[in-house]
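What follows is a short report on a single structure.
The values are calculated or read from the model by the stated rules, or taken from the named source; none is laboratory data. Computed from a predicted structure; not experimentally measured. Every residue, glycine among them, receives a Cβ derived from its backbone with ideal geometry; neighbour counts consider all protein chains shown. In case anyone asks, the SASA skips ligands and DNA or RNA and just uses the protein heavy atoms, side chains included. Shrake-Rupley method; radii C 1.70, N 1.55, O 1.52, S 1.80 Å.
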Amino acid sequence: MTTGRANRQTILRNTRGALGRMGLTTATASATHFIRDATRYDMDTRATSDEAHGYIRLGVVFTGTATAVGATTMDDTTLSQFGTGGLVGAIVRMGSSYATITSHSATVLTFTAGWTGGTPALGAYVVDYAHVAKIDYIDPSNGDMRIDPVSTDEVVAGTPYEIWYEWPDDVDAARDKAAETRCSPWRVKVLSKIIEVADWSQAAWAAGVGGESNAAATVVTLAFPEELFEESLLVTNSGATGYDASPSVYVQPTQQYRIWGRVSVRAEEASVRVRDITNTADITLSGTSTFTLRGWQWFEITFTVPTGCGEVQIWLGGAAAGCISEWAGVGILCDSETMVSHESRVLSEHDLGHYYAFSLPTTPTGSVSWTRIDGVNRRPAGDGVMAVFDAPPACPVYYSERHRYA
């Protein structure tokens, strides 16, 4: 997705001056109440009122390579380009980390809140600052544009600017609204009593929250031709009987549950286990629970909650120390329930599309079939949404969910 600046400049180019113009400053401003672009505006045919009462958006960008990086500072002693205070409020970015500048000298940027995304390694940086002001008038004799409020003293020759006849942030707001409502793609999600497998804990195992034991779990972004789901969980054993565990599902004895999903085994033999956390024992499963070979295969398993059990977890991994297994689209539902809450990211029933009942193959050579579930309603649930079925689905269920851009 393009940045706000790139998006606005594309609009200005394509509208051929109907909404505004853009250019580069040609000289260092001797005062901060005006900027100069002699190339565009130094002509006798222009009136002093041209573009007056429009808005200007200045973008100040510095790039370079840091000479030192700390938790709350970044130095570049090679360029001495930062000035003495005009970059307060600007954003400095290094890799995937960024920080808001609270003070600076010519060579050192300071940000009291520290880096978002962690202190980065020494490398290239970008400092980006934006200033929006009203244009009072334009002087064609020298290309000066008088603005209010005054700009930062960091505006130098070559600074890009945009002139808009309407408030420039309206363009960003319109883009954001379109991205949130009209342009949001749909994703296939699993309807389940637990969070998506890619969101399972990657910390050491603990009761209630799950996590790793004798294994390391990493999230993999799926790509063609296996991107039925957006992400998977890769579990690499570091010892015998390794696994990554789901958060706990709290249950009652005699309830019957169904577990399903896809698995790709990169090494050794993978297995699905359901652990009785209350009694520290494995639960007997009905269906195939061990798998081999790299090709993706579906699985569907059922189990009955044993006497005295009130808490269970799904453990995904393998018995051998060298097992490497990949899991996607894993879900668990109670065969007798008709109401299932969606995860907290689903804010409205308008974010939900159709629900589908899947019939999964019992062998790797079998095919999948699915039908749309018409007897399901979307209802508010707390601060989220729940699915209410006319009858218990008693089968694997997937649905379409609107994916919101950041």
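Just a few scattered comments:
- Per residue, the solvent-accessible area of the chain (1.4 Å probe, heavy atoms of protein chains only, all protein chains present) comes to 48 Å².
- Relative contact order computed over the stretch 285-399 (Cα-Cα under 8 Å; 6+ residues apart), in percent: 27 percent
- If you plug the beta carbon distance of residue 24 and residue 280 into 1/(1 + (r/R0)^6) with R0 = 56 Å, you get a FRET efficiency near 0.20.
- Protein accessible area in the chain, 1.4 Å probe - carbon and sulfur %: 52 percent
- Cα gyration tensor, the stretch 205-261 - rounded (a/c under 1.5), prolate or oblate: oblate
- C-alpha long axis of helix 4-14 to longest principal axis of the chain, angle in °: 60 degrees
- Across 368, 265, 249, mean-square fluctuation computed from a Gaussian network of the chain (C-alpha pairs under 10 Å connected) peaks at 368.
- Converting phi to 3J(HN,Hα) with the Karplus coefficients 6.51, -1.76 and 1.60 and the offset θ = phi - 60°, the stretch 255-267 yields 5, 10, 10, 10, 10, 8, x, 10, 9, 10, 9, 7, 7 Hz in sequence order, with x at every glycine or proline.
- Between helix 169-181 and the chain: long-axis angle, C-alpha atoms, 0 to 90°, nearest 10: 10 degrees
- Around residue 205: net Lys/Arg minus Asp/Glu count, Cβ-Cβ under 9 Å: -2
- For the chain, a Gaussian network of Cα nodes joined below 10 Å ranks 126, 376, 171 by mean-square fluctuation, and the top entry is 126.
- Relative contact order for the stretch 8-147: 32 percent, from Cα pairs under 8 Å spaced at least 6 residues apart, divided by residue count.
- Contour excess over end-to-end distance, with Cα ends at residue 14 and residue 65 and 0.36 nm allotted per residue: 14.9 nm
- A straight Cα-to-Cα reach below 15 Å connects residue 193 with the aspartates and glutamates 311, 335, 337, 343, residues fewer than 8 places away in its own chain not being considered.
- Across the chain, Cα pairs under 8 Å and at least six residues apart give a relative contact order of 15 percent.
- The distance separating the Cα centre of the stretch 157-215 from that of the stretch 127-151 comes to 35 Å.
- The dipole here belongs to the stretch 65-145: it is taken about the Cα centre, uses +1 on the Cβ of Lys and Arg and -1 on the Cβ of Asp and Glu, and is about 280 debye.
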